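The values are calculated or read from the model by the stated rules, or taken from the named source; none is laboratory data. All figures in this text were calculated on a predicted structure; none of them were measured in a lab. Glycine gets a Cβ as well: all are built from the backbone with ideal geometry, and neighbour counts include every protein chain shown.
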């Protein structure tokens, strides 16, 4: 624990140094801005009536203002657009709601009574920790332009991330709102890993592991897939090396957390008494409540990934509903056939699996595609957690691997077969070279139209898998040989609530 | 004085209590217990994990009463608690040396 405090001390020192460095930059900055702005300012013309009208149309259609194409012209509708901005703020809150308390209750209900608080503490702890990392430089590394793999440090401490939109990501949503929205994804992703290692990892080890994991796995992956110059951002980067698409995070969120969870739970080892003593969920009621919250919050996750209240968001909202409902029904019906009883955990697992599998696809597939996805999501993860897990014998306590890694990988691949430009104009092949979208320039649109996108998806899956697996192996061993991964046997059998947090979930 | 300990099915508690009240038996102690006899437990399945639960929830009812009322009380409990299926429970009878009502300090049969 002392080592951990030392670690945070080092982090604080690093932060202070960066502050000092930034202070130097900022003293120079106003002069630079003045120098650049002084000659340009008088040149800005008032927009013509046509341009003013075009700006309003752009707001309604979620397009760019005239001033983006014609930099000599000012705009009368500067700043963020109220509709898109309010939609995005609500979506950001919904995504946070997925973790606190959605995922916390979903996981919390599935562990034994003596460990319920440890799961809640881990989810809450990750929310605070990741937010600090995001502010420090995480957002900048993930979303500032830089290279194909990682951004830069220019937005460290969220400097320059203001209420004005950043047109790389949205013409109408405030940059700070976009940043907070993406933060919620960065919070839930490591929190998903908790499911595989529940009931047997030290709190300090989790904090250290997650801190390193964010830098090694999450920030680079988010940049590659969603960053404006990311190497796997097929939709928005005309120079993307891998022309893959991932609407709301099949690779970035579910594959990365799911595969890392499997590796971490293998290195960590099984829970004491696993396979010998019963470890049933202590509250299926809490689990179901959490699942309902996840489903509701997921609308912010999927529809919100359109970063506008537009037709693409509407399609994502619809496909998310259909796929989730279908999967939530197919999974327990499979149980009904195989075992004779449809279980509440079956309904919950099916819903979460449906949400996971539709995530990368929701803004790119139509309703028929979402039905196919729902059926696959109800059957394949079901087979993995009920059969394959038993054959292999790893202790993925709450099935993060079986649901998120298997579901995320399958979703990324299915998106390659089912994506259609009929629901998302950003994938459309545009003949006119002057108005061509990035997807046309990098060849993605042709792949969507003629088939072959699945090959690009497979490459993105490969990159994600390698990064998650290798990153986790290295980090897990670093943590294991510095502060150790597991609590003492006494603490583990006592329960992490009392041992690590000094309190109990239920006092009669 | 005798003590009756009856292990019964939880949903039969109300019927047993009513039957004993009709006999004029004015007090009893009830606890929620777990155990097993000839009745088998059940299986719970959570995704891939299957658990056999051997201990089933039962109610233990304790009544202390004068020797003269023992037989009628046992008959009443048996009649009320019987479903005819395995798992209906058991009744144990033992001797009790003395009893004291704390409020009045009465002893023996008058105390129960």
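Here are the numbers for the structure shown:
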{"item": "Among (1) under 26 Å from residue A:265 (Cβ atoms); (2) over 16 Å from the mean Cα position of the chain (by Cα), the one test that residue A:168 misses", "result": "(1)"}
{"item": "Verdict on residue A:460 being assigned by TED's automatic domain parsing to the domain that holds residue A:419 and closer than 21 Å to residue A:217 by Cα", "result": "yes"}
{"item": "Residue count, the range B:4-19 (criterion: part of a helix (DSSP H, G or I) and touching a helix residue (DSSP H, G or I) at 6+ places or on another chain (Cβ under 7 Å))", "result": "4"}
{"item": "Residue count, the range B:35-65 (criterion: crowded, with 16+ Cβ neighbours inside 10 Å and either in contact with a helix residue (DSSP H, G or I) (Cβ under 7 Å, 6 or more places away or on another chain) or within 14 Å of chain A (Cβ to nearest Cβ) (or both))", "result": "10"}
{"item": "Criterion: within 14 Å of chain A (Cβ to nearest Cβ) and surrounded by fewer than 14 Cβ atoms within 10 Å (Cβ to Cβ) - qualifying residue of B:32, B:71", "result": "B:32"}
{"item": "Helices (runs of 4 or more DSSP H) completely within the range A:336-421 that count 3 or more residues being more than 10 Å from every other protein chain (Cβ to nearest Cβ)", "result": "A:344-358, A:367-383, A:406-418"}
{"item": "From the options A:281, A:332, residue that is in a loop (DSSP other than H, G, I, E, B), in contact with a helix residue (DSSP H, G or I) (Cβ under 7 Å, 6 or more places away or on another chain) and within 14 Å of chain B (Cβ to nearest Cβ)", "result": "A:281"}
{"item": "Leading residue by the ranking (nearest to the chain's Cα centre (by Cα)) among those in the range A:75-92 that are surrounded by 14 or more Cβ atoms within 10 Å (Cβ to Cβ) and over 18 Å from residue A:312 (Cβ atoms)", "result": "A:89"}
{"item": "Matching option when the condition is surrounded by fewer than 24 Cβ atoms within 10 Å (Cβ to Cβ) and either away from every other protein chain (no Cβ under 14 Å) or at pLDDT 95 or above (or both), among A:272, A:224, A:232", "result": "A:272"}
{"item": "Check on residue A:289, over 22 Å from residue A:414 (Cβ atoms), assigned to a helix (DSSP H, G or I) and at pLDDT 95 or above", "result": "yes"}
{"item": "Considering residues of the range B:66-87 that are modelled with pLDDT of 95 or more and in contact with a helix residue (DSSP H, G or I) (Cβ under 7 Å, 6 or more places away or on another chain) only, the residue farthest from residue A:402 (Cα to Cα)", "result": "B:73"}
{"item": "Flag for residue A:398 being closer than 22 Å to residue A:362 by Cβ and touching a helix residue (DSSP H, G or I) at 6+ places or on another chain (Cβ under 8 Å)", "result": "no"}
{"item": "Qualifying residues in the range A:48-72 (those that are at pLDDT 90 or above and touching a strand residue (DSSP E or B) at 6+ places or on another chain (Cβ under 9 Å)) - the one farthest from residue A:171 (Cα to Cα)", "result": "A:48"}
{"item": "Out of A:426, A:491, sole residue that is part of a helix (DSSP H, G or I) and over 24 Å from residue A:231 (Cα atoms)", "result": "A:491"}
{"item": "Those residues of the range A:292-327 which are within 19 Å of the chain's Cα centre (by Cα), assigned to a loop (DSSP other than H, G, I, E, B) and farther than 15 Å from residue A:249 by Cα, in sequence order", "result": "A:308"}
{"item": "Selection status of residue B:14, loosely packed, with under 11 Cβ neighbours inside 10 Å, within 13 Å of the chain's Cα centre (by Cα) and within 30 Å of residue A:397 (Cβ to Cβ)", "result": "no"}
{"item": "Some residue of the range A:413-425 being in contact with a helix residue (DSSP H, G or I) (Cβ under 7 Å, 6 or more places away or on another chain) and under 21 Å from residue B:51 (Cα atoms)", "result": "no"}
{"item": "Residues of the range A:440-460 that turn out to be buried (at least 22 other Cβ atoms within 10 Å of the Cβ) and in contact with a helix residue (DSSP H, G or I) (Cβ under 6 Å, 6 or more places away or on another chain), as a count", "result": "6"}
{"item": "Residue within the range A:110-130 that is under 18 Å from residue A:464 (Cα atoms), in contact with a helix residue (DSSP H, G or I) (Cβ under 6 Å, 6 or more places away or on another chain) and surrounded by 23 or more Cβ atoms within 10 Å (Cβ to Cβ) present", "result": "no"}
{"item": "Qualifying positions in the range A:220-259 - in a helix (DSSP H, G or I) and more than 11 Å from residue A:149 (Cα to Cα)", "result": "A:250, A:251, A:252, A:253, A:254, A:255, A:256, A:257, A:258, A:259"}
{"item": "Qualifying helices (runs of 4 or more DSSP H) (wholly inside the range A:60-168; at least 1 residues being touching a residue at least 12 places away in the same chain (Cβ under 8 Å) and closer than 30 Å to residue A:49 by Cα)", "result": "A:66-69, A:82-97"}
{"item": "Test: residue in the range A:249-264 that is in contact (Cβ under 8 Å) with a residue 24 or more places away in the chain, buried (at least 24 other Cβ atoms within 10 Å of the Cβ) and farther than 25 Å from residue A:460 by Cβ", "result": "no"}
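For (1) part of a loop (DSSP other than H, G, I, E, B); (2) in contact (Cβ under 8 Å) with a residue 24 or more places away in the chain; (3) in contact with a strand residue (DSSP E or B) (Cβ under 8 Å, 6 or more places away or on another chain); (4) more than 28 Å from residue B:10 (Cβ to Cβ), each residue gets a yes or a no:
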{"residue": "B:57", "(1), (2), (3), (4)": "no, yes, yes, no"}
{"residue": "B:62", "(1), (2), (3), (4)": "no, yes, yes, no"}
{"residue": "B:74", "(1), (2), (3), (4)": "no, yes, yes, no"}
{"residue": "B:85", "(1), (2), (3), (4)": "yes, no, no, no"}
{"residue": "B:92", "(1), (2), (3), (4)": "no, yes, yes, no"}
{"residue": "B:98", "(1), (2), (3), (4)": "yes, yes, yes, yes"}
{"residue": "B:102", "(1), (2), (3), (4)": "yes, no, no, yes"}
{"residue": "B:105", "(1), (2), (3), (4)": "yes, no, no, yes"}
{"residue": "B:109", "(1), (2), (3), (4)": "no, yes, no, yes"}
